[in-house]
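A short worksheet on the structure shown next.
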Amino acid sequence: MTKGDSSRIQSSQATGGHDVGKDSFAARAQSAGDRHAASGGGGGKGGGGGGGKK
């Protein structure tokens, strides 16, 4: 999930009057986007395959 994806989720949740606090779906989506960005994941659609143990 890209940062843009998580931003859209959080925006739609807030606009719809849903909780965007610490334990909300929007917060988890943002965390996933942050982790993806920190791991060097590129943008674009399709996502990459999961790595395995090395």
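Every number here is computed from the coordinates shown, using simple stated rules; none is lab data. Small disclaimer: the values here were computed from a predicted structure and weren't measured. Using ideal geometry, Cβ is built from the backbone for each residue, glycine included, and neighbour counts are taken over all protein chains shown.
Details
- Fewest neighbouring Cβ atoms within 10 Å first, the residues His36, His18 line up as His18, His36.
- With neighbours defined as other Cβ atoms within 10 Å of a residue's Cβ, the residues Arg35, Arg28 order from fewest to most as Arg35, Arg28.
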